[in-house]
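A short reminder: the numbers here are calculations on the coordinates, not readings from a lab. Here the structure is a predicted model, which is why all the values come from computation and not from measurement. Reconstructed Cβ throughout: ideal geometry from the backbone, glycine too, with neighbour counts over all protein chains shown.
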Amino acid sequence: MKFRLVTTSDGSASLHADDLDERFHNPAGAYLEARQNYALPALALLKSQGRLDRDDETLHLLDACFGLGYNTYAFLQALRFERHATHPKISHLKVTAIELDDEPLSLVPQILSQPCFASIKDDEQSDATPRLDLDIKQEDLRKSVQELLPNSLDLIFHDAFSPRKMQHLWTKEIFDRYFAALRPGGALFTYATANAVKGGLLAAGFTLYKTAAVGTKPPALMAYKPADADLDASFELVSIDLSKPKSLIPFKDPSLSADRQDIEKRRIEEQALLDPK
Ligand SMILES: C[S@@+](CC[C@H](N)C(=O)[O-])C[C@H]1O[C@@H](n2cnc3c(N)ncnc32)[C@H](O)[C@@H]1O
């Protein structure tokens, strides 16, 4: 794929995928988006669950579509800052990162040399915790999800290109694998709010909550795997318009190998069956 470096409005660097005509980030800011849609709501969830107070805790994160790595590094930075502020005891952040293309990966050192990540650079010289244990798998996400172990993850960051262009990365079958892989009380974070995405996440068993609205986008999503204990009341549920069931029909790909045009076509056919007029 052909990529072009761009600068977003908060001054942080990003990429544009020319073949797809897709941006890597919200034009309001790559760093801003990583913090608002991924790092801060994930931190808020952990705090509300008392997860920052447990001794020697290791957190397990799947960073799906890692790209330039903003979401993992913004989250690591937020956890470390929190540690300075309130001494949480998390010792390790174990990240499995999935990324198909090597070009964004080759730019990660450049991304980390920006002023917004200065604290990460400083931490390299110290024994800052949590320590990052990063395992980058350069492969198709649809293969990776088939290898996830049940109840093995605390958090998922899902940051694929838009569902308009990449239907195969927003299917119910991927969300089903995610749901099984998360522990109860775990959650997935994503920027996308298309009804096909919400419908797929709901069908997989998630409960949907709002996170921040970045730039001109609507509030983003936290898809939560219910647990015995109730979720803190500060999280706001997404209201779902059940009077339009057609729009909530998810993208489906039972073999996890269909091409995106076929997935789109299948959804349109299913919508027509629901309302043949
Ligand atoms: C929106 S960008 C991700 C931005 C990234 N989270 C960051 O902070 O820079 C989408 C990424 O998905 C990757 N990608 C595209 N198809 C993929 C696939 N089938 N499996 C895994 N990664 C894929 C692209 O190479 C691109 O890096």
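With +1 on the Cβ of every Lys and Arg and -1 on the Cβ of every Asp and Glu, and nothing else charged, how large is the dipole of the stretch 1-75 about its Cα centre, in debye rounded to the nearest 20? Please report the intermediate quantities before stating the final value.
Working: 7 positive and 11 negative charges, 26 e Å.
So the magnitude is around 120 debye.
Would you pull out the residues with amide H under 5 Å of Glu22's amide H, same chain only if 5 or more places away, H placed 1.01 Å from N?
Amide H neighbours of Glu22: Ala17.
Tell me which of Cys116, Asn151, Tyr224 sits at the most positive position along the dipole axis of the stretch 89-226, charges placed on C-beta atoms (Lys, Arg +1; Asp, Glu -1).
About the Cα centre, the residue reaching furthest to the positive side is Tyr224.
Report the full-extension gain for the segment Asp230 to Asp55: residue separation times 0.36 nm, less the Cα-Cα distance, to one decimal in nm.
On the way: separation 175, 0.36 × 175 = 63.00 nm, distance 2.27 nm.
Stretched out fully, the Asp230 to Asp55 stretch lengthens by 60.7 nm.
To the nearest 0.05, what FRET efficiency results for Leu242 and Ser48 with a Förster distance of 25 Å applied to their C-beta separation? Working shown, then result.
Details: r = 28 Å, r/R0 = 1.10.
Working from the Cβ atoms, E equals 0.35.
With unit charges on the beta carbons (Lys and Arg positive, Asp and Glu negative) and the dipole taken about the Cα centre of the chain, which residue among Leu40, Leu100, Leu62 sits farthest to the positive side?
Leu40
What is the dipole size for the chain, taken about its Cα centre, with +1 at each Lys and Arg Cβ and -1 at each Asp and Glu Cβ, in debye to the nearest 20? Mind dumping the intermediate values first?
On the way: 33 positive and 41 negative charges, 153 e Å.
I would put it at about 740 debye.
If amide H atoms are built 1.01 Å from N in the plane of the peptide, which residues on other chains or at least 5 residues away come under 5 Å of the amide H of Ser12?
Those lying under 5 Å, H to H, from Ser12 are Ala30, Tyr31.
Report the extension gain between Lys265 and Asp176 in nm, rounded to one decimal, defined as 0.36 nm multiplied by the number of residues separating them, less their alpha carbon distance. Before the final figure, lay out the partial values.
Values: separation 89, 0.36 × 89 = 32.04 nm, distance 2.09 nm.
Length gained between Lys265 and Asp176: 29.9 nm.
Assign one of three labels to the stretch 27-274, namely rounded, prolate or oblate, based on the Cα gyration tensor with a ≥ b ≥ c the square roots of its eigenvalues; rounded applies when a/c is under 1.5, prolate when it is not and a/b is larger than b/c, and oblate otherwise. Mind dumping the intermediate values first?
Numbers: a/c = 1.81, a/b = 1.47, b/c = 1.23.
Note, shape of the stretch 27-274 comes out prolate.
How far, in degrees from 0 to 90, does helix 172-181 lean away from the longest principal axis of the Cα atoms of the chain, to the nearest 10?
That helix lies at roughly 40 degrees to the long axis.
Between Asp18, Asp154, Asp63, which gets the highest mean-square fluctuation from a Gaussian network model of the chain, Cα cutoff 10 Å?
Fluctuation is largest for Asp18.
Highest first, please rank the peptides 24-34, 258-268, 213-223, 67-77 by the mean number of other Cβ atoms sitting within 10 Å of their residues. Don't jump to the answer; show the numbers that get you there.
Details: 24-34: 23.5, 258-268: 15.2, 213-223: 18.5, 67-77: 25.6.
So the order, starting with the most tightly packed, is 67-77, 24-34, 213-223, 258-268.
Give me the angle, in degrees from 0 to 90, between the Cα long axis of helix 195-204 and the longest principal axis of the Cα atoms of the chain, rounded to the nearest 10.
Its long axis makes an angle of about 80 degrees.
Enter the Cα centre distance for the pair the stretch 215-277 and the stretch 1-37, rounded to the nearest angstrom.
25
Let me have the relative contact order for the stretch 27-274, percent, based on Cα pairs under 8 Å that are six or more residues apart. Write down the numbers at each step before the final one.
Numbers: 452 pairs, mean separation 49.0, N = 248.
Taking the mean separation of contacting Cα pairs over the length of the stretch 27-274, I get 20 percent.
For a quick check: with amide H placed at 1.01 Å from N, whose amide H comes under 5 Å from Gly185's, ignoring anything fewer than 5 positions away on the same chain?
Lys225, Ala227
List, in order, the whole-Hz ³J(HN,Hα) value for each residue of the stretch 42-56 obtained from phi through the Karplus relation with A = 6.51, B = -1.76, C = 1.60 and θ = phi - 60°; use x for Gly and Pro.
Once rounded to whole Hz, the list reads 5, 5, 4, 4, 4, 4, 5, 9, x, 6, 7, 9, 8, 5, 6.
I'd like the FRET efficiency for Ala194 and Lys121, computed as 1/(1 + (r/R0)^6) with the beta carbon distance as r and R0 of 30 Å, rounded to 0.05. Provide the component values of the computation, followed by the final result.
Details: r = 37 Å, r/R0 = 1.22.
Taking R0 as 30 Å, the efficiency between Ala194 and Lys121 is 0.25.
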